[in-house]
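Have a look at the structure below, then the notes.
The values are calculated or read from the model by the stated rules, or taken from the named source; none is laboratory data. Predicted model, so just to flag it, every value in this text is computed and none were measured. In this analysis, Cβ positions are derived from the backbone assuming ideal geometry, glycine residues included, and neighbour counts consider all displayed protein chains. Surface accessibility is based on the protein's heavy atoms, side chains included, excluding ligands, DNA and RNA. Shrake-Rupley method; radii C 1.70, N 1.55, O 1.52, S 1.80 Å.
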Amino acid sequence: MDVLIVGAGPTGLTLGIDLARRGVDALVVEAGERLFPGSRGKGIQPRTQEVFDDLGVREALRAAGGTYPPQLFWKDGERLKTQPMFDAVAADEGAPYTEPLMVAQWRTQEVLYARLLELGGRVGFGRTLTGLEQDTDGVSARFADGRTLRARYVVAADGGRSAVRRAVGVGMTGESVDPNPFLVADLRVRGLDRDHWHVFAGDDGGGVALCPLAGTDDFQLGAKLPEGTEPDLSLAGLRELVSAYSHLSPSDVTELRWASDFRPRAALADRFRAGRVFLAGDAAHVHSPAGGQGLNTSVQDAYNLGWKLSAVLAGDAPDALLDTYEEERRANAAAMLDLSTGVHRGEVRRGEATVQLGIGYRESSLTAETRTRPGPVRAGDRAPDGHNADGVRMFDAFRGPHWTLLAPEPVDGFRGLPAPGSYGPGLFLVRPDGYVGWAGETASDGLREYAARTGASGTAQDA
């Protein structure tokens, strides 16, 4: 096979979808016997919504979730105040999605899994990786059931304790974000409305928050425990925890569906590529969940890597293209870790800083800005939405696994369409992941050379 993806979380499923729609022979394997059952990463940021729009799942995710309710702060059984969870970000034609969606992670994975199967993709459950070896032609992965699978490339999407990362000897460098233990759980609770995210702070430095999970009957419990506390993840333990910090009685917690504890830390893999093995998602970066950045950064890792693997496997681009995955994504992951830590410590507000619409690759070696006087959209920027003079919507033109040339006049060898006026003057070659790769005043400013080294020759599409 071409690509073995280890881990069927949001990262692995997203990459599986992207490769399946490109006709790449890929297999996703998962150590568990089923998809992850918890709500952990529940926030779908606006940039990730754009990715999911392209992959054909945004509407299904909207139907599976909803918007975030305001926070309601309690003290001694009394309501103190309400405040929005996020600062509002104004939408415009270039950025139509600016409000995060709340979708329980297990629901997100169900939607992605269904889309993967629809495209002919595969997931093998109950496959625990025990080791791998790579050579100049590919990678051999061994599993606990005695099977060995051979692939040209392997992608580690198997979480913060990644077996693949350990197998290739890639370390992680990081630090603790908070000395307190934390836990998260999915509960059934009575006695609280579902119109608010209920917050109960204690006098001991701990506290609990109960968020109604959109699209479900559950609440997600998030708790910060005093230093030195040993988390109790049993139903009895969680009942005691909730009643200790809130006005609810233990019996108001009626059911425990899933629970996990953690200690927030920020750590970054020393490398994102080791030969024919790539690290993505939590296998490459672990962080505080504050700010809802992790799942979103992980999805965008996969989105960045998918088209590059496809181009190299098809022989349309040299292997060196794959080096730009680490170059681009490791820098973005490092920035995300700083942001998540800042939100966790109350130094950064959720809102414009966390929607991820400003992420770009201007400094990437894959970016070519040849204009002497660039306009508002530059090479390396996210390509905004909008309508051109012919009424064509950009996100409709970009949707699919192709490159898109935006040019005022036809360019021989490329199919394209004019850009909206909001882009400013010039020509723009938009990558399959929705970023401007090359920008020039005319096609003679290196368009063909750029297309040849990135696999875009003859593949730019129109609407």
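Identify all residues within the range 315-353 that are among the basic types (Lys, Arg) and either open to solvent by 30 Å² or more (accessible area, probe 1.4 Å) or more than 22 Å from ALA274 (Cα to Cα) (or both); write none if there are none.
Going residue by residue through the range 315-353, those that are among the basic types (Lys, Arg) are 329-330, 345, 349-350.
Result: ARG330, ARG345, ARG349, ARG350.
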Which one of the conditions (1) out of contact with any Phe, Trp or Tyr (no Cβ under 6 Å at 6 or more places or on another chain); (2) outside any strand (DSSP E or B) does PRO69 fail to meet, given that it meets all the rest?
(1)
Give the residue that is farthest from the chain's Cα centre (by Cα), with candidates limited to residues of the range 364-409 that are among the β-branched types (Val, Ile, Thr) and part of a loop (DSSP other than H, G, I, E, B).
THR372
Conditions first: (1) open to solvent by 60 Å² or more (accessible area, probe 1.4 Å); (2) within 21 Å of ARG371 (Cβ to Cβ); (3) at pLDDT 95 or above. GLU409 passes all but one, so which condition is the exception?
(3)
For the range 279-298, pairs from a residue that is over 14 Å from MET102 (Cα atoms) to a residue that is among the charged types (D, E, K, R) and in a strand (DSSP E or B), with Cβ under 7 Å and 6 or more apart or across chains, are VAL286/ARG265
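If I go through the range 421-435 residue by residue, how many of them are without any contact (Cβ under 8 Å) to a residue 60 or more places away in the chain and either among the β-branched types (Val, Ile, Thr) or surrounded by 19 or more Cβ atoms within 10 Å (Cβ to Cβ) (or both)?
Kept after step one, since they are without any contact (Cβ under 8 Å) to a residue 60 or more places away in the chain, are these residues of the range 421-435: 421, 423-430.
Narrowing the set further to residues that are either among the β-branched types (Val, Ile, Thr) or surrounded by 19 or more Cβ atoms within 10 Å (Cβ to Cβ) (or both) leaves 423, 426-430.
Result for the range 421-435: 6.
Among the residues of the range 240-247, is any in a loop (DSSP other than H, G, I, E, B) and touching a residue at least 12 places away in the same chain (Cβ under 8 Å)? Step through it out loud before you land on a result.
Quick first cut of the range 240-247, residues in a loop (DSSP other than H, G, I, E, B) only: 246-247.
Narrowing further to those that are touching a residue at least 12 places away in the same chain (Cβ under 8 Å): 246-247.
Scanning the range 240-247, I find at least one residue that is in a loop (DSSP other than H, G, I, E, B) and touching a residue at least 12 places away in the same chain (Cβ under 8 Å), so the answer is yes.
Are any residues in the range 174-194 part of a strand (DSSP E or B), of a type in the set (D, E, K, R), in contact with a helix residue (DSSP H, G or I) (Cβ under 9 Å, 6 or more places away or on another chain) and open to solvent by 30 Å² or more (accessible area, probe 1.4 Å), and if so, which ones? Break it down stepwise before answering.
Applying the first criterion (part of a strand (DSSP E or B)) to the range 174-194 yields 174-176, 182-189.
When the remaining residues are screened for being of a type in the set (D, E, K, R), the result is 175, 186, 188.
If we keep only those that are in contact with a helix residue (DSSP H, G or I) (Cβ under 9 Å, 6 or more places away or on another chain) as well, we get 175, 186.
Listed by number, the list holds a single entry, GLU175.
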Residue among ARG47, ARG62, ARG79 that alone is in contact (Cβ under 8 Å) with a residue 60 or more places away in the chain and either open to solvent by 40 Å² or more (accessible area, probe 1.4 Å) or in a helix (DSSP H, G or I) (or both)
ARG47
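Taking the range 354-384 only, how many residues are of a type in the set (S, T, N, Q) and open to solvent by 20 Å² or more (accessible area, probe 1.4 Å)? Outline the logic, then answer.
We begin by selecting, within the range 354-384, every residue of a type in the set (S, T, N, Q); these are 354, 356, 364-365, 367, 370, 372.
Subset that is open to solvent by 20 Å² or more (accessible area, probe 1.4 Å): 365, 367, 370, 372.
Qualifying residue count for the region: 4.
Restricting to the range 215-230, and then to whatever is open to solvent by 60 Å² or more (accessible area, probe 1.4 Å) and free of Cβ contacts under 8 Å to residues at least 40 places away in the same chain, can you tell me which residue is nearest to MET102 (Cα to Cα)?
The residue in question is ASP217.
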Being modelled with pLDDT under 95, touching a helix residue (DSSP H, G or I) at 6+ places or on another chain (Cβ under 7 Å), within 16 Å of THR48 (Cα to Cα) and not in a helix (DSSP H, G or I) narrows GLY291, GLY358 down to just GLY291
Quick one: which residue in LEU233, LEU268 is in contact with a helix residue (DSSP H, G or I) (Cβ under 6 Å, 6 or more places away or on another chain), surrounded by fewer than 21 Cβ atoms within 10 Å (Cβ to Cβ) and in contact (Cβ under 8 Å) with a residue 24 or more places away in the chain?
LEU268
Output the number of residues of the range 421-438 satisfying the condition of being assigned to a loop (DSSP other than H, G, I, E, B) and either aliphatic (A, V, I, L, M) or touching a helix residue (DSSP H, G or I) at 6+ places or on another chain (Cβ under 9 Å) (or both).
4
Which pairs turn up if I take residues in the range 195-208 that are in a loop (DSSP other than H, G, I, E, B) and look for partners that are among the polar types (S, T, N, Q) and open to solvent by 40 Å² or more (accessible area, probe 1.4 Å) with beta carbon separation below 9 Å, at least 6 apart in sequence or on another chain?
HIS196/THR82; GLY206/THR229
Applying the selection to the range 218-270, what residues are of a type in the set (Asp, Glu) and under 25 Å from the mean Cα position of the chain (by Cα)?
ASP218, ASP261, ASP270
Filtered residues of the range 334-355 (kept if over 19 Å from ALA91 (Cα atoms) and part of a loop (DSSP other than H, G, I, E, B)):
ARG345, GLY346, GLU347, VAL348
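Can you name the residue in the range 123-173 that is part of a loop (DSSP other than H, G, I, E, B) and polar (S, T, N, Q) and is also least open to solvent (accessible area, probe 1.4 Å) among such residues?
Of the residues in the range 123-173, the ones part of a loop (DSSP other than H, G, I, E, B) are 126-128, 135-138, 144-147, 152, 157-162, 168-171.
Narrowing the set further to residues that are polar (S, T, N, Q) leaves 128, 136, 162.
On the way: THR128: 63, THR136: 117, SER162: 0 Å².
Only one residue fits best here, namely SER162.
Picking from PRO401, PRO418, which residue would you name as being touching a helix residue (DSSP H, G or I) at 6+ places or on another chain (Cβ under 6 Å), surrounded by fewer than 23 Cβ atoms within 10 Å (Cβ to Cβ) and touching a residue at least 12 places away in the same chain (Cβ under 8 Å)?
Just a single option satisfies the conditions, and that option is PRO401.
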Pair list, Cβ under 7 Å, 6 or more apart: the range 119-140 residue among the aromatic types (Phe, Trp, Tyr), other residue assigned to a loop (DSSP other than H, G, I, E, B):
PHE125/GLY32; PHE125/GLU33; PHE125/ARG34
